[in-house]
Amino acid sequence: MASYFDDHGLEDPYKARKSNYNNGRSLNPDLSHFMPREDTEDEGNFSSRFPSASGPGSNDFRRLAEMLGAFRVREEPLGDEAHQEFLDNLITQLMDEAGASGKHGPPPASKSFIRDLPFVPLKDVKRDEACIICNENFQENESKAGITKLPCKHFFDRDCIVPWLELHNNCPACRAEVPSDDPDWIKKKRDAELAKYAAEAEIDKDWMYS
Ligand SMILES: [Zn+2]
Ligand SMILES: [Zn+2]
């Protein structure tokens, strides 16, 4: 039988790292396996992640898909089908983006937006609130990197949302857009803004002369 990972062309993290999944509900997997990065000590510095000026490449999308695949395998026994489907959709999107080298997806969130993500203290998070990406309850499983929220008010472990934002300028849950440094995105935004002003000016003029 083809596994979920065969279907999606992914390396099966369960097979590869089976021993890490055998200790029950203590679940945070070792993300360093998926996210090799030199800059983890310097929390604010995410700029060295993509040295090439052309931005993220296929491997970056694939690596994040593998990380989400590990979350999915891990929580399968817990039977939260809605969350599994949510992860499936993100993984499918990431694999599509990996195939197209990110050309058809949204651009990365801006570096300054990622740098300035707020730190949310644990006491400000509801008891039953879980990170939308890994589905871990914040109180039960305090992440070392801390908790943050997007302007749409969705909460995430920073470890979980930053890799997503480095590839997409939106919330993975509600798809609300956040700023990007991508010149095409900035131009599109500005054009839309100008069109809106022009339409409003037109309405004012109609009102004045009617
Ligand atoms: Zn998380
Ligand atoms: Zn959201």
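What follows draws every value from the coordinates through simple rules; no lab data is involved. Not measured: the values here are computed from a predicted model.
Just tell me which lysines come within less than 16 Å, Cα to Cα, of LYS205; anything on the same chain fewer than 8 places away is out.
Those lysines meeting the cut-off are LYS196.
Beyond a 22 Å Cα-Cα separation, which of these cross-linked pairs lie in this structure: LYS149/LYS187; LYS103/LYS189; LYS126/LYS153; LYS103/LYS153?
In this structure, LYS149/LYS187; LYS103/LYS153 lie more than 22 Å apart at Cα.
Go through the stretch 140-151 residue by residue and turn each phi into a ³J(HN,Hα) via Karplus (6.51, -1.76, 1.60, θ = phi - 60°); whole Hz please, and just put x for glycine and proline.
6, 9, 5, 7, 4, 6, x, 10, 9, 9, 8, x
Could you give the length gained on full extension between ASP191 and GLU85, defined as 0.36 nm per residue of separation minus the Cα-Cα distance, in nm?
Taking 0.36 nm per residue and subtracting the Cα distance, the gain is 34.6 nm.
Residue by residue through the stretch 95-101, which ³J(HN,Hα) values in whole Hz follow from phi under the Karplus form 6.51 cos²θ - 1.76 cosθ + 1.60 (θ = phi - 60°), with glycine and proline marked x?
5, 4, 5, 4, x, 9, 6
Using only Cα atoms, what Kirkwood radius does the stretch 55-210 have, in angstroms?
Across the stretch 55-210, the inverse of the average 1/r is 17.4 Å.
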